[in-house]
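The values are calculated or read from the model by the stated rules, or taken from the named source; none is laboratory data. Since the model is a prediction, treat every value here as computed from it, not as a measurement. In this analysis, Cβ positions are derived from the backbone assuming ideal geometry, glycine residues included, and neighbour counts consider all displayed protein chains.
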């Protein structure tokens, strides 16, 4: 494809995307396909000769589009939002179009410095303590800062590895007779039992123990008394508590751990407190939600994902640390081809991959085109829509809300056995007009309704509610019908 | 930004990218900027109110573009290529435009299945043994397959972690009296001393020992006698050899380890052999280079990066394994919101991140629009250009070639002390008309000339050579002048 064809095809694809969004409400939100649906239509080998792009694009529309889940549809209420906005899409287009990657400052001065700038912007927007920023004041050494990671899984893994390294260095002095492997085998991580599965994965990969602390029934926050006790018991058993992942906005119910209570315990016990606010982060830009982040001053690291609630395309997980050197110590490599001018924002020792794309570009586009107020408005709209759904739910006595609504998630179920709710969700997803996924709270099945799209309006919530009610009618009547029938038999 | 503005701005950006490529030879390939150049132009806080996109785009051109390294310029000869092509850019645009991510089949049926299809296509194109493919025959259980990872760093890390897990399971049976942490502390990884720095990082993160085996002087391949001896010595010391990373196309000199010799040793010693062919992989689509991959049948896993030599935008590292279960065992998590229909290509247990974008799309676009023959042509053009450079170099007795040219890399230096070559490279990069980075071979400084751009032509090589020669004249005359001056003084 030459540049002339690129102009033509590129513009057609821009139109395709615009058309897609203009008509996004007109189709099922999840496709009606079965595993293997695509494989059987595609050849088993790549072509020998190159084909015209128009043919490939035709096949894209014919074969791929019918198997897409419409994550950006206002009728998509599953998982958590996957960030998207037109300015972010264009930021990525420019980044990919230039094809300029980065690891050292010299490999991409603009991309490297822009990331430093926007990470400080973003940190200030959620009012992080200044220790987390690159920007330094007279009183503060210049040792903190932020960087863009792929996902929260990486943000958690790299901070856990940095904490592991720091703990080894510290414990070697305290236990000079113990070998590193003995110390390693005694390291233990904490989180609430509501933590995201990526913490399990990180602990598995880092080869450290993990203890999940029970949560309080009323708000699914970590039970701090249980935490204190667990740390005491573990230490008595010879284990070394070294890392705790506090969750702000859990996956199941959007629960918030209490940093102000957990933080002092971590500080006292020399435990690296990491905060995962993957979904909730942008909410802290609103004064009414910022108290949920109080206690962040006790943390050593903090992440949230602009690619969730902040209108930024995947991938973009923002991670801040108070001590950049801790990451460097855990991950430093120094081949000759990277030895050039150094700069504080260089990524090579911050992340698992060496090369990275210029993700700061889309973030910059989002922050400038929406501004602080635009993002606040987006967050507040999601909360308002969730509250609207909550109020509709409250009017129907067949349903039960099972957790407090804080941001854009409403957890609910049909009263009665789990099977009723399972049947309801199955019926709804089979129909495909809206999409939700299940969750679990204290072992009990529930349905998660999440506000996801940038474009969601009150009508969309009423539409979703009408779909849910209609399917509930069907499922409950079916159930009653079956019961009657059984009674007769 | 609404869809109408997106149409307008998106098309302008498409034109911007096309213009950029049409004029790419007209500018310096590396910018003339100093650390901090961008920071000082940008405000220290994000705006409160959203701004017009056109203003942001203007600032992009004014502040960002002057700090970009032009990785796709035919005058860029540094590092290794960063893959790029117009079809790949459009694949990413569609993926980002739809904003549909994936982890389970249910979250993105089309993206999940397309990845299975293109990974099999790609595996067949480099003639991988069928154990590495999803496609199964009557004789073969259905246990291998490939997936897209971010970068080679991840491909190596996840296979090392899978190998660690498999080794622990195996060694627990052999050493029932040893605790896991004792076994862990005795695990040891091997590679040649020419391996990419990401292996050092992976071993650090996986908390296992790493031994680098010396290489043969004539071709920088791993010294197999030294490997056998090291394994023997390590085992005698009670260590457990469990993973070896063979390099095909090293970063320094594009050297190739001999899989046919290393493989049987690994097989005998139950060492997981991984092959990293990050750069060289696509060359194996050409029959004349495929013998370099002979012995792949001994490997448990193999990766190459389409985002290097295969015209695919970053990020896209292709990883194949013979036993998918090995990855699953090391990284399996199973939260309720992911428990739906399962499908062999699901990524959630293949990678560190949970969510992923639809990267198979750009790969599909590249494979179809170039076809096998188009990619072969691209590889052969790079090799031809490197050979041309080699022949020019051979005509100038001031220069010395320091390693064999196999693909698109030529390593050379000025005869005499390293300082001369350092001065030459510095002069060239200061001028900024072409860009190269240094390397090291046996502790000696050298300059790496890499063919990188899709659009590189013979004229570009002649241009690069003229820049190098002219600067050599300057540096060597300067050197002589200084010598004379010192003589006079």
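Against the definition (in contact with a helix residue (DSSP H, G or I) (Cβ under 7 Å, 6 or more places away or on another chain), on the phi < 0 side of the Ramachandran plot and outside any loop (DSSP other than H, G, I, E, B)), how does residue B:15 come out, yes or no? Here the answer is yes, as residue B:15 does meet what is asked.
Residues of region A:184-197 that are assigned to a helix (DSSP H, G or I) and either closer than 20 Å to residue A:326 by Cβ or away from chain B (no Cβ under 14 Å) (or both): A:184 alone. In region B:21-33, the qualifying residues are those that are facing chain A (nearest Cβ under 7 Å) and assigned to a helix (DSSP H, G or I), and the one that is surrounded by the fewest Cβ atoms within 10 Å (Cβ to Cβ) is B:22. Only a single criterion out of (1) crowded, with 18+ Cβ neighbours inside 10 Å; (2) at pLDDT below 95; (3) within 8 Å of chain B (Cβ to nearest Cβ); (4) part of a loop (DSSP other than H, G, I, E, B) is not satisfied by residue A:116, namely (4). Of the residues contained in region B:207-218, none is found to be touching a residue at least 60 places away in the same chain (Cβ under 8 Å), within 11 Å of chain A (Cβ to nearest Cβ), under 16 Å from residue B:273 (Cβ atoms) and not in a helix (DSSP H, G or I).
The residue that is surrounded by the most Cβ atoms within 10 Å (Cβ to Cβ), counting only those in region B:90-102 that are out of contact with any strand residue (DSSP E or B) (no Cβ under 6 Å at 6 or more places or on another chain) and more than 7 Å from chain A (Cβ to nearest Cβ), is B:91.
Taking the criterion of being more than 25 Å from the chain's Cα centre (by Cα), part of a helix (DSSP H, G or I), farther than 29 Å from residue B:282 by Cβ and without any contact (Cβ under 8 Å) to a residue 24 or more places away in the chain, would at least one residue in region B:416-423 satisfy it? Scanning region B:416-423 turns up at least one residue that is more than 25 Å from the chain's Cα centre (by Cα), part of a helix (DSSP H, G or I), farther than 29 Å from residue B:282 by Cβ and without any contact (Cβ under 8 Å) to a residue 24 or more places away in the chain.
Residue under question is residue A:181, and the condition is that it be farther than 24 Å from residue B:354 by Cα, modelled with pLDDT under 95, over 20 Å from the mean Cα position of the chain (by Cα) and not in a helix (DSSP H, G or I); does it hold? No: the conditions fail for residue A:181. Among the residues of region A:231-242, some residue qualifies, meaning at least one is more than 17 Å from the chain's Cα centre (by Cα), more than 14 Å from chain B (Cβ to nearest Cβ), in a loop (DSSP other than H, G, I, E, B) and under 21 Å from residue B:181 (Cα atoms).
All conditions in (1) more than 9 Å from chain B (Cβ to nearest Cβ); (2) surrounded by fewer than 22 Cβ atoms within 10 Å (Cβ to Cβ); (3) modelled with pLDDT under 95 hold for residue A:144, with the sole exception of (2).
Residues considered: A:81, A:66, A:129, A:74. Of these, the only one that is more than 7 Å from every other protein chain (Cβ to nearest Cβ), over 17 Å from residue B:42 (Cβ atoms) and surrounded by 24 or more Cβ atoms within 10 Å (Cβ to Cβ) is A:81.
Checked against (1) surrounded by 23 or more Cβ atoms within 10 Å (Cβ to Cβ); (2) over 24 Å from residue A:203 (Cα atoms), residue B:235 passes all but a single condition, namely (1).
Scanning region B:383-399 for residues that are surrounded by fewer than 23 Cβ atoms within 10 Å (Cβ to Cβ), modelled with pLDDT of 95 or more, assigned to a strand (DSSP E or B) and in contact with a helix residue (DSSP H, G or I) (Cβ under 9 Å, 6 or more places away or on another chain) turns up at least one hit.
Matching residues to (1) in a loop (DSSP other than H, G, I, E, B); (2) in contact with a strand residue (DSSP E or B) (Cβ under 7 Å, 6 or more places away or on another chain); (3) within 23 Å of residue B:315 (Cβ to Cβ); (4) at pLDDT below 95:
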{"residue": "B:57", "(1), (2), (3), (4)": "no, no, no, no"}
{"residue": "B:66", "(1), (2), (3), (4)": "no, no, no, no"}
{"residue": "B:73", "(1), (2), (3), (4)": "yes, no, yes, no"}
{"residue": "B:88", "(1), (2), (3), (4)": "no, no, yes, no"}
{"residue": "B:104", "(1), (2), (3), (4)": "yes, no, yes, yes"}
{"residue": "B:107", "(1), (2), (3), (4)": "yes, no, yes, yes"}
{"residue": "B:112", "(1), (2), (3), (4)": "no, yes, yes, yes"}
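Every residue, every condition in (1) surrounded by fewer than 20 Cβ atoms within 10 Å (Cβ to Cβ); (2) more than 7 Å from chain A (Cβ to nearest Cβ); (3) part of a helix (DSSP H, G or I); (4) without any contact (Cβ under 8 Å) to a residue 60 or more places away in the chain, yes or no:
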site	(1), (2), (3), (4)
B:1	no, no, no, yes
B:7	yes, no, yes, yes
B:35	yes, no, no, yes
B:43	yes, yes, no, yes
B:62	yes, yes, yes, yes
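Taken as a whole, the structure leaves residue B:365 outside the set of residues that are in a helix (DSSP H, G or I) and over 23 Å from residue B:318 (Cα atoms). Does residue A:165 meet the test of being in contact (Cβ under 8 Å) with a residue 40 or more places away in the chain, farther than 30 Å from residue B:355 by Cβ, at the interface with chain B (Cβ under 9 Å from one of its Cβ atoms) and under 30 Å from the mean Cα position of the chain (by Cα)? Taking the combined requirement at face value, the residue does not satisfy it.
In region B:222-237, the residues that are free of Cβ contacts under 8 Å to residues at least 40 places away in the same chain and on the phi < 0 side of the Ramachandran plot reach residues that are in a helix (DSSP H, G or I) and buried (at least 16 other Cβ atoms within 10 Å of the Cβ) with C-beta atoms within less than 9 angstrom, at least six apart or across chains, in these pairs: B:227/B:261; B:227/B:262; B:227/B:265; B:228/B:265. Residue B:87 meets the conditions (1) within 7 Å of another protein chain (Cβ to nearest Cβ); (2) more than 27 Å from residue A:10 (Cβ to Cβ); (3) touching a residue at least 12 places away in the same chain (Cβ under 8 Å) in every case but one. The failed one is (2). What about residue A:440, is it surrounded by fewer than 20 Cβ atoms within 10 Å (Cβ to Cβ) and within 30 Å of residue A:380 (Cβ to Cβ)? Judged against the criteria, residue A:440 is a match.
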